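Input: a single structure, listed below in structure tokens.
The values are calculated or read from the model by the stated rules, or taken from the named source; none is laboratory data. Everything numeric here is computed off the predicted structure, so don't read it as measured data. As a convention, Cβ positions derive from the backbone with ideal geometry for all residues, glycine included, and neighbour counts pool all protein chains shown.
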Amino acid sequence: MSAVIQSRADRLTRQQISQQVLPGASVPWITDLREAAFSQFESSGFPTPRVEDWKYTNLKALQRQIFRFPTLPVIKVTERDIGPAIIPDLEVYRVVFVDGLLDERLSQLQEIQSKIHIASLGDQLRTNAKDIEPHLAKYADSGLNGFVSLNTALMRDGIHIHLPKNVVVDKPIQLIYITTTQNDATWFHLRNLIIAGPNSQASIIESYISLSDSVYFNNITTEVSLAKNARLSHYKIQQEATQAFHVALLKIQQQQSSQFSSHSLAFGSKYSRNEIRSELSAQGCECVLNGLYHAGERQQVDTLARVDHLAANGISREYYKGIVTGKAKAIFRGISYVHPDAQHSDAEQKNNNLLLSPYAEVDTKPQLEIYADDVKCSHGATVGQLDEDALFYLRSRGIEKETACDLLTYSFAKEITDRIPLAPFARHAEALLKNVLRGARNLEDLR
Amino acid sequence: MLRIKNLHVSVDNKLILKGLTLNVNKGEVHAIMGPNASGKSTLAYVLAGHEGYAVESGEIRYNEHNLLELSPEARACEGIFLAFQYPVEIPGVNNVYFMKTAVNVLRKKRGLDELDAVDFMELAKEKMRTLEMSDSMLKRAVNEGFSGGEKKRNEIFQMSLLEPKLALLDETDSGLDIDALKVVARGVNALRNKERAFIVITHYQRLLNYIVPDYVHVLSDGKIVRSGDRNLALELERRGYAWLQGEQAVA
Ligand SMILES: Nc1ncnc2c1ncn2[C@@H]1O[C@H](COP(=O)(O)OP(=O)(O)OP(=O)(O)O)[C@@H](O)[C@H]1O
Ligand SMILES: [Mg+2]
């Protein structure tokens, strides 16, 4: 086993990396890929505010942090530990990652392996890399930003799913990522690769939870490819620990008439970034991105949602709502990019934010870029406070101020949870939100 | 039960109520009439505790309380109810959930057991029947997309559930058709008893044919300029308000 190696995030060296045992080390194309990606990281570093997509983001705390490379988990995670990720009344195929590595013991891989190809990405790189060579790093450009470069250079594990043609997976596949590290700040470069064959259908849930109250950093890159007529619903609940950093890129490439939807909830982390980029590469694709974020205290929550309409007759929706309180900061950037060949595109973008404290901040920038002439596009963003008249109306019926505020905040968010088609997930989301609101309020009271 | 003395109230630094005095006893029905912008809704809001209305001077006693010290929700718990002139739409908040919460807050305050969902629905449906409202309104968000008349009826529905001690009806009759007016008046009359007082703000004497007041007051330019019995309302119907404003100028 290699010695424990630590590095300041922005001063990682090639030498430190060479001491890591990473899967696929004997496969030339993988080592080449890692090498090239690390060179990209060396020249670009982490994104700065000069880069438009990171303009309002403050990454100083992350860059200054010294991170340790993961060792094997010390704590033996039990069924009880993953309880917070369990969604009531929902049957799933469960896959659990503990500190960045797939845990066979807690996972139910065999149950679905008869229907689809599903494996740890680490195993795949070690034993059967050639099957993923046409896909890995083909959808998410490792030069996109420093996080993706670093992820490509250092990826160790994650999930690889390949849905064969025409297969419909009967239950959602839930990926639970649990972090247990205690003292030292550790970073994890998780990589997921999901390939959906023609006419296939599946739902995938990503849940991020933690037993840790120390600093750690989950750097996640997920690549998704949807073949003709494939349908994928992607759900995500981010409930990382309060000291955690969470940076995730979800890159989707859609082929003809495929449908992708994302329903994401960002509640945890000190700093989180949820970046989704979808390319509608062929005719008639549909992409719905629906999300809710809440930030309190000094949390920073950052969302970027971009859909590129590259071919005709595509439909895209971006619906994001945020609740920001304490001294928190929320950043939203939405981009609907309609390329010259994408006639009859239909793109809609909405971002609404609720500011519950005078010290909280929201930077929202919805954007349309349209280079085709026959399209239907709209966008809008708001930052507002609770409606005073509604608040008074509720209070005049005897409902206490705090309850009335929660009720209005909750109803603000409900538009997002109402759009979630998987009912148990929607109910779970609502219950989590209630807890988050209650927790945030109690903290406010203490100040 | 309610003693308002020399009340001065301003909104956005503009003085609206300019020395209003009014006493209301248990069991009484007071009608307040008066020209637009004279301050009728302002009075109703101040009584309900709206924080946008600043009390510059004067006092309001309600039973043993200094009313001005109570939050809006505390006033509701003490039995004050305002039927809004413009009921607020609250998208995303379900009518049943809202009223069940409100009813249970008050029941708790009054030392009664909270109602469960089944008992509440039974009670709600019974009240809706008397107000000839359709059950479907319960399932909708509070006032969202309700017609003007439906909103007013919903206010009276809430009142009948909350059983206040002092009900303030701010132009509940405006926007109601003739049949609805009768239904709403019936709802109000059903609640009239020796303990409960009403302040009914209206522009139309017609409502007072159905809800017969004990007193009629004219509010003009922030003051009560004339009080009388129900015949005053009839006189106002004939002559308008101009003669009173003239009289005040002379006085
Ligand atoms: N929030 C506010 N901001 C500014 N001015 C206000 C506000 N609320 C009331 N006013 C003003 O106070 C005055 C009295 O208003 P109020 O609503 O009490 O009148 P009213 O007698 O109820 O009239 P109406 O018969 O038209 O309902 C009006 O000039 C109104 O514009
Ligand atoms: Mg009025």
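Of the residues B:ALA54, B:ALA48, B:ALA74, only one is within 14 Å of ligand 2 (Cβ to nearest atom), of a type in the set (A, V, I, L, M, F, W, C) and either touching a Cys at 6+ places or on another chain (Cβ under 7 Å) or under 23 Å from B:PRO87 (Cα atoms) (or both); which? Give the derivation first.
Working: B:ALA54 fails: within 14 Å of ligand 2 (Cβ to nearest atom); B:ALA74 fails: within 14 Å of ligand 2 (Cβ to nearest atom).
Every option except B:ALA48 fails the conditions.
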Considering residues of segment A:117-139 that are over 11 Å from A:ILE159 (Cβ atoms) and of a type in the set (Ser, Thr, Tyr) only, the residue surrounded by the most Cβ atoms within 10 Å (Cβ to Cβ) = A:TYR139
Residues satisfying the stated conditions in segment A:406-436, i.e. surrounded by fewer than 18 Cβ atoms within 10 Å (Cβ to Cβ) and either within 11 Å of another protein chain (Cβ to nearest Cβ) or at positive phi (or both) = A:TYR410, A:GLU415, A:ASP418
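So that you can scan it fast, the table gives a plain yes or no per residue for (1) surrounded by fewer than 21 Cβ atoms within 10 Å (Cβ to Cβ); (2) of a type in the set (A, V, I, L, M); (3) touching a Cys at 6+ places or on another chain (Cβ under 8 Å):
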position	(1), (2), (3)
A:ASP141	yes, no, no
A:SER149	no, no, no
A:MET155	no, yes, no
A:HIS162	yes, no, no
A:ASP170	yes, no, no
A:THR181	no, no, no
A:LEU211	yes, yes, no
Can you tell which of A:LEU154, A:LEU249 is closer than 19 Å to A:THR71 by Cα and of a type outside the set (Gly, Ala, Ser)?
-> A:LEU154
Output the qualifying pairs, or none if there are none: Cβ atoms under 6 angstrom, residues six or more apart or on different chains, first residue in segment B:79-92 and more than 7 Å from chain A (Cβ to nearest Cβ) and buried (at least 22 other Cβ atoms within 10 Å of the Cβ), second residue part of a loop (DSSP other than H, G, I, E, B) and of a type in the set (Ser, Thr, Tyr).
-> B:ALA83/B:THR172
Residue count for segment B:26-44, restricted to those that are within 14 Å of chain A (Cβ to nearest Cβ) and more than 9 Å from ligand 2 (Cβ to nearest atom) = 0
Keeping to segment B:1-14, report how many residues are outside any strand (DSSP E or B) and either within 13 Å of ligand 1 (Cβ to nearest atom) or within 14 Å of another protein chain (Cβ to nearest Cβ) (or both).
-> 2
Would segment B:194-209 turn up any residue that is loosely packed, with under 15 Cβ neighbours inside 10 Å and in contact with a Gly (Cβ under 8 Å, 6 or more places away or on another chain)?
-> yes
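So that you can scan it fast, the table gives a plain yes or no per residue for (1) within 14 Å of chain A (Cβ to nearest Cβ); (2) within 14 Å of ligand 1 (Cβ to nearest atom); (3) within 16 Å of the chain's Cα centre (by Cα):
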position	(1), (2), (3)
B:LYS165	yes, no, yes
B:VAL184	no, no, yes
B:LEU191	no, no, yes
B:ARG196	no, no, yes
B:VAL218	no, yes, no
State all residues of segment A:180-239 that are at pLDDT below 95, among the β-branched types (Val, Ile, Thr) and over 25 Å from A:ALA37 (Cβ atoms); if no residue qualifies, say none.
-> A:THR180
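Among the residues of segment B:186-199, is there at least one that is under 30 Å from B:HIS8 (Cβ atoms) and touching a helix residue (DSSP H, G or I) at 6+ places or on another chain (Cβ under 8 Å)?
yes
I need the full set of residues from segment B:29-63 which are within 12 Å of the chain's Cα centre (by Cα), of a type in the set (A, V, I, L, M, F, W, C) and in a strand (DSSP E or B), in order please.
Filtering segment B:29-63 down to residues within 12 Å of the chain's Cα centre (by Cα) leaves B:29-32, B:40-48.
Remaining after also requiring of a type in the set (A, V, I, L, M, F, W, C): B:29, B:31-32, B:43-44, B:46-48.
Matches in segment B:29-63: B:VAL29, B:ALA31, B:ILE32.
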Checked segment A:369-405 for anything assigned to a helix (DSSP H, G or I) and more than 11 Å from chain B (Cβ to nearest Cβ); matches are A:CYS405
Does B:LEU232 qualify as being of a type outside the set (Gly, Ala, Ser), crowded, with 19+ Cβ neighbours inside 10 Å and within 16 Å of ligand 1 (Cβ to nearest atom)?
-> no
Tally of residues being touching a Lys or Arg at 6+ places or on another chain (Cβ under 6 Å) and without any contact (Cβ under 8 Å) to a residue 60 or more places away in the chain across segment A:309-350 | 4
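Here is a yes/no grid of residues against (1) basic (Lys, Arg); (2) surrounded by 16 or more Cβ atoms within 10 Å (Cβ to Cβ); (3) not assigned by TED's automatic domain parsing to the domain that holds A:GLY100:
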{"position": "A:THR13", "(1), (2), (3)": "no, no, yes"}
{"position": "A:GLY24", "(1), (2), (3)": "no, yes, yes"}
{"position": "A:SER43", "(1), (2), (3)": "no, no, yes"}
{"position": "A:ARG50", "(1), (2), (3)": "yes, no, yes"}
{"position": "A:TYR56", "(1), (2), (3)": "no, yes, yes"}
{"position": "A:LYS76", "(1), (2), (3)": "yes, no, no"}
{"position": "A:GLU79", "(1), (2), (3)": "no, no, no"}
So B:ASN143 fits all but one of (1) away from chain A (no Cβ under 13 Å); (2) surrounded by 23 or more Cβ atoms within 10 Å (Cβ to Cβ); what number is the exception?
-> (1)
What strands (runs of 3 or more DSSP E) lie completely within segment B:155-251 and have 1 or more residues being of a type in the set (D, E, K, R)?
-> B:166-170, B:223-228
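Take the residues of segment B:157-172 that are of a type in the set (A, V, I, L, M, F, W, C) and in contact with a Phe, Trp or Tyr (Cβ under 6 Å, 6 or more places away or on another chain): which is surrounded by the fewest Cβ atoms within 10 Å (Cβ to Cβ)? Talk me through it step by step, then tell me what you get.
Step one: filter segment B:157-172 for residues of a type in the set (A, V, I, L, M, F, W, C), giving B:157, B:159, B:161-162, B:166-169.
Filter once more, so that each one left must be in contact with a Phe, Trp or Tyr (Cβ under 6 Å, 6 or more places away or on another chain): B:159, B:162, B:167.
Numbers: B:MET159: 23, B:LEU162: 20, B:ALA167: 26.
So, considering only residues that are of a type in the set (A, V, I, L, M, F, W, C) and in contact with a Phe, Trp or Tyr (Cβ under 6 Å, 6 or more places away or on another chain), the one surrounded by the fewest Cβ atoms within 10 Å (Cβ to Cβ) is B:LEU162.
Being among the aliphatic types (A, V, I, L, M), within 16 Å of ligand 1 (Cβ to nearest atom) and either within 13 Å of another protein chain (Cβ to nearest Cβ) or buried (at least 22 other Cβ atoms within 10 Å of the Cβ) (or both) is true for just one of B:LEU17, B:LEU22, B:LEU70. Which residue is that?
On the way: B:LEU22 fails: either within 13 Å of another protein chain (Cβ to nearest Cβ) or buried (at least 22 other Cβ atoms within 10 Å of the Cβ) (or both); B:LEU70 fails: within 16 Å of ligand 1 (Cβ to nearest atom).
Among B:LEU17, B:LEU22, B:LEU70, only B:LEU17 is among the aliphatic types (A, V, I, L, M), within 16 Å of ligand 1 (Cβ to nearest atom) and either within 13 Å of another protein chain (Cβ to nearest Cβ) or buried (at least 22 other Cβ atoms within 10 Å of the Cβ) (or both).
So that you can scan it fast, the table gives a plain yes or no per residue for (1) of a type in the set (Ser, Thr, Tyr); (2) in the same structural domain as A:LEU280 (by TED's automatic domain parsing); (3) assigned to a loop (DSSP other than H, G, I, E, B); (4) out of contact with any Ser or Thr (no Cβ under 8 Å at 6 or more places or on another chain):
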{"residue": "A:ARG306", "(1), (2), (3), (4)": "no, yes, no, no"}
{"residue": "A:ASN313", "(1), (2), (3), (4)": "no, yes, yes, no"}
{"residue": "A:ARG317", "(1), (2), (3), (4)": "no, yes, no, yes"}
{"residue": "A:TYR320", "(1), (2), (3), (4)": "yes, yes, no, no"}
{"residue": "A:GLN343", "(1), (2), (3), (4)": "no, yes, yes, yes"}
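Among the listed residues B:TYR241, B:TYR215, B:TYR204, identify the single one that is touching a Pro at 6+ places or on another chain (Cβ under 8 Å) and either in contact (Cβ under 8 Å) with a residue 24 or more places away in the chain or basic (Lys, Arg) (or both).
Numbers: B:TYR215 fails: touching a Pro at 6+ places or on another chain (Cβ under 8 Å); B:TYR204 fails: touching a Pro at 6+ places or on another chain (Cβ under 8 Å).
Selected residue: B:TYR241, the only one of B:TYR241, B:TYR215, B:TYR204 that is touching a Pro at 6+ places or on another chain (Cβ under 8 Å) and either in contact (Cβ under 8 Å) with a residue 24 or more places away in the chain or basic (Lys, Arg) (or both).
Kindly provide the set of residues from segment B:45-60 that are more than 14 Å from chain A (Cβ to nearest Cβ) and either farther than 27 Å from A:ASP387 by Cα or buried (at least 21 other Cβ atoms within 10 Å of the Cβ) (or both), ordered by number. Working first, answer last.
Of segment B:45-60, the ones more than 14 Å from chain A (Cβ to nearest Cβ) are B:54-60.
If the condition is that a residue be more than 14 Å from chain A (Cβ to nearest Cβ) and either farther than 27 Å from A:ASP387 by Cα or buried (at least 21 other Cβ atoms within 10 Å of the Cβ) (or both), then B:SER57, B:GLY58, B:GLU59, B:ILE60 are the ones that fit.
Table: residues versus (1) more than 25 Å from B:ALA44 (Cβ to Cβ); (2) aromatic (Phe, Trp, Tyr); (3) touching a Phe, Trp or Tyr at 6+ places or on another chain (Cβ under 9 Å).
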{"position": "B:THR101", "(1), (2), (3)": "no, no, no"}
{"position": "B:LYS108", "(1), (2), (3)": "yes, no, no"}
{"position": "B:ASN143", "(1), (2), (3)": "no, no, yes"}
{"position": "B:GLU155", "(1), (2), (3)": "no, no, yes"}
{"position": "B:SER174", "(1), (2), (3)": "no, no, yes"}
{"position": "B:LEU181", "(1), (2), (3)": "no, no, yes"}
{"position": "B:ASN193", "(1), (2), (3)": "no, no, no"}
{"position": "B:ALA197", "(1), (2), (3)": "no, no, no"}
